[in-house]
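The structure under discussion appears below in the form of structure tokens.
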Amino acid sequence: MTMCIWFDTHFHLSHEAPEAAPGILAEARSRGVQHFLLQGTSREDRDFVSNLAQREEGVLCAIGLHPEAAEEFEGMDEWRSFYENPRTVAVGEIGLDYHYAPDTAPLQRRVFAEFLRLAAELGLPAVIHCRDAFEDCYAIVKENLPSGAPFVIHSFTGTREEARAWLSLGAHISVNGMLTFKKADNIREAIAIVPLERLLLETDSPYLAPVPLRGHENTPANIPIIGEYLADFRFRPVAEIASITTANGLRLFSPKTR
């Protein structure tokens with residue numbers, strides 16, 4: 001039987017253990033994961049992320065500043081050179097997190113808006129983290145991204161109404177192992193209404209391993225588990241889910257000549 005081709009559109013690797021990266025990627029490739037979008041989240045990891053994307057086949061990267069690291073922001077000038085790398089295909093991971101970092105909310109909003117404006121200027125999709133901050137996140141996206149500008153709500157955990165609101169702005173919605181969690185009915189109810197052409201798959205590894213691996217360290221090799229669950233949930237063949245979600249990712253994230 002022909003192996004499905006998958007795209008992990010959001011994962012993390014430790015810049016403190018770079019020697020682990022080749023093995024992690026090789027295992028994923030052995031399971032049909034041929035395309036990867038590695039996320040940069042801080043000043044500390046952006047060099048590692050950028051360099052790895054240039055070395056490893058099938059690996060692209062997003063460069064940004066996670067909301068929990070908003071206090072690192074000292075202006076956009078130091079970030080611009082990273083987007084000259086044609087393997088840097090998105091601005092992310094950026095956004096708002098009022099769950100873990102509520103005290104920096106005003107700063108998060110300012111930094112998020114600046115990175116969204118940069119994404120619009122460069123014509124790159126934005127990869128957005130939104131946790132316990134829907135109303136502010138939605139308002140900032142609506143204000144700072146032009147109509148039709150591409151963006152992804154990664155690791156979606158919202159309600160059906162929030163999914164509809166994001167879709168109305170043209171969002172892609174990305175799901176991970178949480179889709180498989182027993183208590184994630186809200187996620188399943190929302191994903192049920194998302195058109196397949198707007199869905200992406202991610203692991204967000206090393207976090208959020210899917211059932212039956214919950215509690216273990218997650219890796220991109222687990223994308224097929226998430227895809228198979230989504231296929232069963234949406235009553236579609238696994239090959240169709242793989243084909244559509246991979247095509248969605250390739251359409252959204254591709255190396256550009258700049």
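Structure notes:
- Pairs, first closer than 14 Å to Ala105 by Cα in segment 65-82, second among the aromatic types (Phe, Trp, Tyr) and loosely packed, with under 13 Cβ neighbours inside 10 Å, C-beta under 7 Å, six or more apart: Glu68/Tyr100
- Scanning segment 210-227 for residues that are within 15 Å of Ser174 (Cα to Cα) and in a loop (DSSP other than H, G, I, E, B) gives a single hit, Pro210.
- Each residue in segment 3-32 was checked for being in contact with a helix residue (DSSP H, G or I) (Cβ under 8 Å, 6 or more places away or on another chain) and either among the hydroxyl-bearing types (Ser, Thr, Tyr) or over 23 Å from Ile128 (Cβ atoms) (or both), and 13 pass.
- Residue check, Gly170 assigned to a loop (DSSP other than H, G, I, E, B) and either of a type outside the set (Ser, Thr, Tyr) or touching a Leu at 6+ places or on another chain (Cβ under 7 Å) (or both): yes
Here is a yes/no grid of residues against (1) in a helix (DSSP H, G or I); (2) closer than 17 Å to Leu252 by Cβ; (3) in contact with a Gly (Cβ under 6 Å, 6 or more places away or on another chain):
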{"site": "Gln108", "(1), (2), (3)": "yes, no, no"}
{"site": "Arg117", "(1), (2), (3)": "yes, no, no"}
{"site": "Leu124", "(1), (2), (3)": "no, yes, no"}
{"site": "Val141", "(1), (2), (3)": "yes, yes, no"}
{"site": "Glu161", "(1), (2), (3)": "yes, no, no"}
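- Pairs meeting the criteria (first residue in segment 21-36 and surrounded by 17 or more Cβ atoms within 10 Å (Cβ to Cβ) and at pLDDT 95 or above, second residue in a helix (DSSP H, G or I) and polar (S, T, N, Q), beta carbons under 7 Å, at least 6 apart or on different chains) are His35/Thr246.
- The residues of segment 127-177 that are on the phi > 0 side of the Ramachandran plot and more than 18 Å from the chain's Cα centre (by Cα) amount to a single one, Gly148.
- Output for segment 38-51, where each listed residue is out of contact with any Cys (no Cβ under 7 Å at 6 or more places or on another chain) and buried (at least 18 other Cβ atoms within 10 Å of the Cβ): Gln39, Thr41, Asp45, Arg46, Phe48
The values are calculated or read from the model by the stated rules, or taken from the named source; none is laboratory data. Just so it is clear, the model here is predicted, and its values are computed rather than measured. Cβ: placed from backbone, ideal geometry, glycine included. Neighbour counts: every protein chain shown.
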